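Undergrad: Dropping the structure in here first, questions after.
The values are calculated or read from the model by the stated rules, or taken from the named source; none is laboratory data. Bear in mind that the values here come from a model prediction, so they are computed numbers and not experimental data. Here the Cβ positions follow ideal geometry from the backbone for every residue, glycine too, while neighbour counts run over all protein chains shown. These accessible areas exclude ligands, DNA and RNA; they are computed on the full protein's heavy atoms, side chains included. Shrake-Rupley method; radii C 1.70, N 1.55, O 1.52, S 1.80 Å.
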Amino acid sequence: MSNLRFRPAVHSLPRYVPGKSAPGAVKISSNEMPTPPSPAVLEAVARELETINRYPDLTAAPLREALGERFGVGSDQVCVGTGSSAILVAALSTVCQPGTRVVFPWRSFESYPIAVPSVGGEATPVALLPDGSHDLVGMRQAITADTVAVILCSPNNPTGPALTFEEIASFVAAVPDDVMIIVDEAYIDFATKPGVRSAVPLIEAHPNVVVMRTFSKAHALAGLRVGYAIGETEVIGAIQALLVPFGVNSLAQAGALASLKDAEAVDSGVARIVAERERIVPALRALGYDIPDTQSNFYLLRGSVHGLVEASARAGLIVRPFREGVRVSVGSREQNDLFLSVATQFARVEGIGK
C-alpha cells in the first residue's frame, strides 16, 4: 500500500467503465463508427508518420483555423484537446473550486460525475424526464448561488433524445450569465429531428456558452482522440491554458484536418448510420421494446432486458449494459441484422411486449 496522501475525492471518484471486448466478438457497445475513415484521411495520417520525430503543433493551430472557418468563428475561439473528455475537465477546471457546484442531466455521459469532483466541484445531477430527455425546468431550478457550470448533452448519451436550438436558447437565456453552460454536441451530426442544430450561434450573445464537439463519432476517428471546444475568446483562452501542451499528436491533427476536407465521405457515413437507425429501431419497437427517441448512432432498450447482454455475447456481439437498460450502437447492416435476430428470439423467450 502506498503512503501517498491522496485527496479524499480521488478515492471516491467513480471509475469510467469502457465497453467490454472479447476475442472474435463484434463490439457495438462504444458508439464507434463501424467502418474506418476515408482513404484520404488514412493517407494523411500515414504521411505524417514520416515526421513523428518532431513535436506536433503546440495548440493545433492549423486545425483550429480550419474549425474556425467551418463554424464561422475566429481560430482564437477554438481549442483542441485529446477527446471531448479532456476538454470537459479543462473547461470545468476554469470555474470549479471547493464549494462550487455543477448541474448536469442524469443518466448522461459517464464522464460528467467523474470530471466534476476531479476538479474540486460538487455534482448536482438532475433526473431525466420519463421520455429520456433533459428536464430543463428541473435543471434551471437546481442552479443556486454556488453553481458555476451546467452541462447539456444533446443528443443525450445513453438515451438518445436531442434538444432543439430553441430549447437550448431559452434555457441559456434563463441561466445567470456568470454560470458556464457547456453544450456537449458529440453526437449532433446524427440528429435529424427538425429544429436540432448546433448551439454555436448562441455564443456571440452569450459568452458563457461553450460548445464541445468531437472527431470520435461522425468522423470515425475515435482512436486518434481529437475533441474541441468553441466559445468566446477569453473563455477559450482560459480552457487552452489548462490543456496539456502538445496534447493532440501530429497523426491526430493530420487525420482531423483531412476529415474536415473530406466532408462528402463523412456525410455519407453519417447517412448510412441514420438509415440503419431508422430501419432497426422501429423493428425493435414492433417487438415490444421500449426505446426512447434517438437522434444519435445508438439506441437504448429500457427496462428488464439485461439478459440481452449475454444473449448477444453468445451470438458474437458486445452491447453495453446500464442500470436503465441496454445500449446498442448502430453498426453495419449485417451487425444490425444479427442483433435484431438476437433481440427477436429474446423477446419471444422473455415475453417482451406482452
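Undergrad: Count, please, the residues in region 282-299 that happen to be open to solvent by 60 Å² or more (accessible area, probe 1.4 Å) and closer than 23 Å to Phe109 by Cα.
TA: 2
Undergrad: Which condition number in (1) closer than 24 Å to Thr164 by Cα; (2) open to solvent by 10 Å² or more (accessible area, probe 1.4 Å); (3) assigned to a helix (DSSP H, G or I) is the one that Ile273 fails?
TA: (2)
Undergrad: Filter region 172-190 down to the residues that are over 13 Å from the mean Cα position of the chain (by Cα) and either in a loop (DSSP other than H, G, I, E, B) or surrounded by fewer than 20 Cβ atoms within 10 Å (Cβ to Cβ) (or both) and list them by number.
TA: Ala173, Ala174, Val175, Pro176, Asp177, Asp178, Val179 - these are the residues of region 172-190 that are over 13 Å from the mean Cα position of the chain (by Cα) and either in a loop (DSSP other than H, G, I, E, B) or surrounded by fewer than 20 Cβ atoms within 10 Å (Cβ to Cβ) (or both).
Undergrad: Could I ask something else about it? Is there any pair with a first residue in region 305-321 that is under 16 Å from Gln335 (Cβ atoms) and part of a loop (DSSP other than H, G, I, E, B) and a second that is open to solvent by 10 Å² or more (accessible area, probe 1.4 Å) and of a type in the set (Gly, Ala, Ser) whose Cβ atoms are under 8 Å apart and which are 6 or more apart or on different chains, and what are they?
TA: These pairs meet every condition: Ala315/Ser341; Gly316/Gly24; Gly316/Ala25.
Undergrad: If I filter region 29-77 down to residues being open to solvent by less than 30 Å² (accessible area, probe 1.4 Å) and on the phi > 0 side of the Ramachandran plot, which single residue comes out as farthest from the chain's Cα centre (by Cα)?
TA: Ala60
Undergrad: Which one of these is basic (Lys, Arg), open to solvent by 20 Å² or more (accessible area, probe 1.4 Å) and either farther than 25 Å from Phe190 by Cα or in contact with a Gly (Cβ under 8 Å, 6 or more places away or on another chain) (or both): Arg302, Arg279?
TA: Arg302
Undergrad: Across region 93-139, what is the number of residues that are hydrophobic (A, V, I, L, M, F, W, C) and in contact (Cβ under 8 Å) with a residue 60 or more places away in the chain?
TA: 3
Undergrad: Another question, then. Report whether or not Leu260 is open to solvent by less than 40 Å² (accessible area, probe 1.4 Å), in contact with a strand residue (DSSP E or B) (Cβ under 8 Å, 6 or more places away or on another chain) and modelled with pLDDT of 95 or more.
TA: So Leu260 does not fit the description; no.
Undergrad: When you check Ile236 against the structure, is it farther than 19 Å from Glu69 by Cβ and surrounded by 14 or more Cβ atoms within 10 Å (Cβ to Cβ), yes or no?
TA: Criteria not met by Ile236.
Undergrad: Something else about it: Among the residues of region 328-344, which ones are open to solvent by 10 Å² or more (accessible area, probe 1.4 Å) and under 19 Å from Ala25 (Cα atoms)?
TA: Ser332, Arg333, Glu334, Gln335, Asp337, Leu338, Leu340, Ser341, Val342
Undergrad: Condition (residue is of a type in the set (S, T, N, Q), over 21 Å from the mean Cα position of the chain (by Cα) and within 20 Å of Arg7 (Cβ to Cβ)) applied to region 90-105: is it met by at least one residue?
TA: The answer is yes; a qualifying residue exists.
Undergrad: Separate question: Do you know which residues across region 152-198 are within 15 Å of Gly231 (Cα to Cα) and touching a residue at least 60 places away in the same chain (Cβ under 8 Å)?
TA: Matches in region 152-198: Met180, Ile182, Asp184, Ser198.
Undergrad: Same structure, new question: Restricting to region 221-233, and then to whatever is among the aliphatic types (A, V, I, L, M) and out of contact with any strand residue (DSSP E or B) (no Cβ under 7 Å at 6 or more places or on another chain), can you tell me which residue is least open to solvent (accessible area, probe 1.4 Å)?
TA: Leu221
Undergrad: When you check Ile114 against the structure, is it under 18 Å from the mean Cα position of the chain (by Cα) and either within 30 Å of Glu278 (Cα to Cα) or of a type outside the set (Asp, Glu) (or both), yes or no?
TA: yes
Undergrad: Out of Pro207, Pro158, I need the residue that is within 22 Å of Val89 (Cα to Cα) and either part of a helix (DSSP H, G or I) or open to solvent by 10 Å² or more (accessible area, probe 1.4 Å) (or both). Which one?
TA: Pro207
Undergrad: For region 52-62, does any single residue satisfy the condition of being touching a strand residue (DSSP E or B) at 6+ places or on another chain (Cβ under 8 Å) and of a type in the set (Ser, Thr, Tyr)?
TA: Within region 52-62, one or more residues are touching a strand residue (DSSP E or B) at 6+ places or on another chain (Cβ under 8 Å) and of a type in the set (Ser, Thr, Tyr).
Undergrad: Continuing with this model, one more query. From the set of residues in region 93-121 that are touching a Ser or Thr at 6+ places or on another chain (Cβ under 7 Å) and assigned to a strand (DSSP E or B), which is most open to solvent (accessible area, probe 1.4 Å)?
TA: Here the residue is Arg101.
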